[in-house]
Amino acid sequence: VSDEAEFSDVVVETPLDGVDARIRRFRCAPEVDSFAIRTERWLVLVDTHSTPALARQLVGLVAGDLTGGRRLLVVDTHADYDHAWGNQVFGGPLAGQPAPILGHPRCVERLLGAEGAAALARMRRAQPGRFDEVELRPPDIAVGDGAAIHGGDLTLRLVATPGHTEDHLSIHIPELATVLAGDAAELPFPHVESAAGLVAARASLERLVALEPAVVLPCHGGTTGPSLLTRNIAWLDAVVADPALPLADALAIAGVPLEGLQPMYRGFHADACAAARALHDG
Ligand SMILES: [Zn+2]
């Protein structure tokens, strides 16, 4: 999401209609949604929000599901601040709720060293005060495509879905025909910032479509239907066909009205058009 917007400092549960009750959704409005998946053996948190204060709220909201020996596990879909900057609550000397964090090898790199420090400095300038407490904490366990969490009743299969970022993982739960798409899919559309990113994002969306999910849960957009994937693909195809595609046409493909649109999505569309032009320029 954009650097400039104002965000709530509260995480609340946002009920999911028509979705298995073992999956719960939590929202820091209008910034991002995280999810908790309750399996027999593991309670899996998908993403940790933007700050440790928000992550601690998330822990409080799911504490009742940590019963009967069920253990906590965290998956970072990717290293962007709104998904992984609450990590320190779960790992390292600052952990208030110790739990292993899983993420892609590139996610580990992005949260370490100069790359992570640069991102933190940039966001501290953009939103002064908000990230004072943040100490970037990379995933403890690097996992790639095909890794799986065997929960007993449910299996969480990690699907490498680069495009939005190189380190992006989605989660497929075959028993529930459900995909947690992270930012690989988004309503009205995901963010890509290069020609290579656009091509990769489209391939990742195709891969998620091939899983034939009945439920698709993105981290932005609050929707649950599988048509999100095909609409995102149609938008990318339209942008490639016409890198001057008007925003109104893009929103029509997404099925989203202009009224009430978060301003950052104008930038998302412009960035995709620029990526499409770069693709044509070869
Ligand atoms: Zn995001």
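The values are calculated or read from the model by the stated rules, or taken from the named source; none is laboratory data. What you are looking at is a predicted structure, and each value in this text was computed from that prediction instead of being measured. Cβ coordinates were reconstructed from backbone atoms using ideal geometry, including for glycine residues, and neighbour counts include every protein chain displayed.
Looking only at residues in the range 25-80 that are of a type in the set (Val, Ile, Thr) and assigned to a loop (DSSP other than H, G, I, E, B), which one is nearest to Gly129 (Cα to Cα)?
Thr51
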Cβ contacts < 7 Å: first residue under 22 Å from Arg22 (Cβ atoms), restricted to the range 168-193; second residue small (Gly, Ala, Ser) and within 12 Å of the ligand (Cβ to nearest atom), any location; separation 6+ or different chain. Result?
Leu169/Gly182; Ser170/Ala181; Ser170/Gly182; Ser170/Ala184
Are any residues in the range 97-142 surrounded by fewer than 17 Cβ atoms within 10 Å (Cβ to Cβ), touching a residue at least 60 places away in the same chain (Cβ under 8 Å) and of a type in the set (A, V, I, L, M), and if so, which ones?
Ala126
Test: residue in the range 195-210 that is in a loop (DSSP other than H, G, I, E, B), over 12 Å from the mean Cα position of the chain (by Cα) and either more than 14 Å from the ligand (Cβ to nearest atom) or not aliphatic (A, V, I, L, M) (or both):
no
Condition first: buried (at least 16 other Cβ atoms within 10 Å of the Cβ) and assigned to a helix (DSSP H, G or I). Now tell me which residues in the range 250-263 satisfy that.
Ala250, Leu251, Ile253, Ala254
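Mind listing whichever residues of the range 143-164 are at positive phi and surrounded by 20 or more Cβ atoms within 10 Å (Cβ to Cβ)?
Passing the criteria: only Gly163.
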Can you tell me which of Thr224, Thr155 is among the polar types (S, T, N, Q), touching a residue at least 24 places away in the same chain (Cβ under 8 Å) and either more than 16 Å from the ligand (Cβ to nearest atom) or over 26 Å from Pro139 (Cβ atoms) (or both)?
Thr224
Within the bounds of the range 80-93, is there any residue that is within 16 Å of the ligand (Cβ to nearest atom), at pLDDT 95 or above, polar (S, T, N, Q) and farther than 24 Å from Gln262 by Cα?
yes
Extreme residue, modelled with the highest pLDDT, among residues of the range 1-25 that are touching a helix residue (DSSP H, G or I) at 6+ places or on another chain (Cβ under 7 Å) and within 14 Å of the ligand (Cβ to nearest atom)
Ala5
Just need a number here: residues in the range 165-185 that are surrounded by fewer than 23 Cβ atoms within 10 Å (Cβ to Cβ) and within 16 Å of the ligand (Cβ to nearest atom).
1
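Taking the criterion of being outside any loop (DSSP other than H, G, I, E, B) and modelled with pLDDT under 95, would at least one residue in the range 96-114 satisfy it?
The answer is yes; a qualifying residue exists.
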The conditions are (1) among the charged types (D, E, K, R); (2) within 21 Å of Leu205 (Cβ to Cβ); (3) within 16 Å of the ligand (Cβ to nearest atom), and Asp145 fails exactly one of them. Which is it?
(3)
Would you call Ala210 free of Cβ contacts under 8 Å to residues at least 12 places away in the same chain and hydrophobic (A, V, I, L, M, F, W, C)?
yes
